[in-house]
Amino acid sequence: MKRIHYVEDHVVTGDDIAAAVVSYARSLAIAGRSDTVDLPGLDDAGEARRYQLLLGPASQMLVSDEPWAGDEVLDAELVADIEARSAGIAGPQPVATGEGEPPVATVSLETDEFLPVDMETPTS
């Protein structure tokens, strides 16, 4: 389990959730964007609760190990959602090709392909 220290409070949540939140916060900060994440956690009495974090360029958080004898807080669907949001910010990733092969697709930015097209004249 992990404790996410955030502002003047903290959230105790599962390892995978905490890792996804920190990674997403980093992606948001690099992009200069903000978002909220609703996640499961435990309060000081060990009771399950939902927390909402505002993540953005000014977010400052610290994650530490949390000694906990109970069940790990899990939410695979949330982790997948956060990872997808983070990947969406990063944009498309390069596609690996075989060794020695050219990139999957290359388009020279100097080509006529990017010239304005007259939409009134049909092309054949």
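Each peptide in 66-72, 31-37 was scored by the mean count of other Cβ atoms within 10 Å over its residues; highest first, the order is 31-37, 66-72.
Quick one: which of 73-84, 17-28, 47-58 comes out on top by average Cβ neighbours within 10 Å, and what's the full order, highest first?
The most tightly packed comes first, giving 17-28, 73-84, 47-58.
Readers should treat all values here as calculations from the given coordinates under stated rules, not as data from a laboratory. Here the structure is a predicted model, which means the values were calculated and not measured. Methodologically, a virtual Cβ is constructed for each residue, glycine included, from the backbone with ideal geometry; neighbour enumeration extends over all protein chains shown.
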